[in-house]
Each structure stands twice: as structure tokens, then as C-alpha cells.
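Have a look at the structure below, then the notes.
Readers should treat all values here as calculations from the given coordinates under stated rules, not as data from a laboratory. The structure displayed is predicted, hence computed values, not measured ones.
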Amino acid sequence: MFQDRVYTVAEVAAIFRVPSDTVRRLIHRGELPAIRLGRVYRVPKSVIDDYFDLPPAVPIEKLGFGMWGEEAAGSDAVEYVNRLRDADTRTLREIVEDLSAWQA
């Protein structure tokens, strides 16, 4: 007997706080496993649980959003951000291109 709860596309969208179209795109691309029942999809609870268990794609200390890195210990936030900026050797154009690629 199938014991796993299943969610609708709208419920998955609400859980991840994204539009339903985003969930449908993930399903169609095969990035979000789902069960197709006629014209509708259902996502098993175990799939949702697995997504929450994934490690972040980029460690949070590498994002530069705070004092989590070991190198930040004992310094203030401004000094830490300035060190991050100084360590980044990319040109402004390269930074914009990287940000554009990251958002795509």
C-alpha cells in the first residue's frame, strides 16, 4: 500500500514560495520528480523532504552576507566586506556577467 502523502502543484508552490509555473517547469525538466495522473501532477512528500535535506549549492560563508567565515572572526562587518571586495579581482563587467548567469 502506498503510504506517502502527495502534494498538488499549488501546494508545492506554496511550500517553496514560488509560482506554480516554476514548479511545473521543474517537473517538465525532470528536476522535480512527480507522478502524472491524467493531466495533473502530484509530488510525493518524500521528494519534498529530500529537497529540504540537500546541502546549499553555495556555502553561506562564500556569499559574503555576514560573519560566518572563519576569516571573519574578530573583525567588524565593514572590515570583513572590504576584505571580500579587495580579494575579488574581477572587473565590474565580469561581476555583472556572473550575476546575470547566476540569476538565469
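Pairs of alpha-carbon atoms within less than 8 angstrom and 6+ residues apart define the contacts here; what relative contact order does the range 6-53 have, in percent?
About 40 percent, as a whole number.
Once all Cα-Cα distances of the range 6-53 are split into 5 Å bins that start at 0, what whole-number percent is in each one?
5, 24, 37, 28, 5, 1
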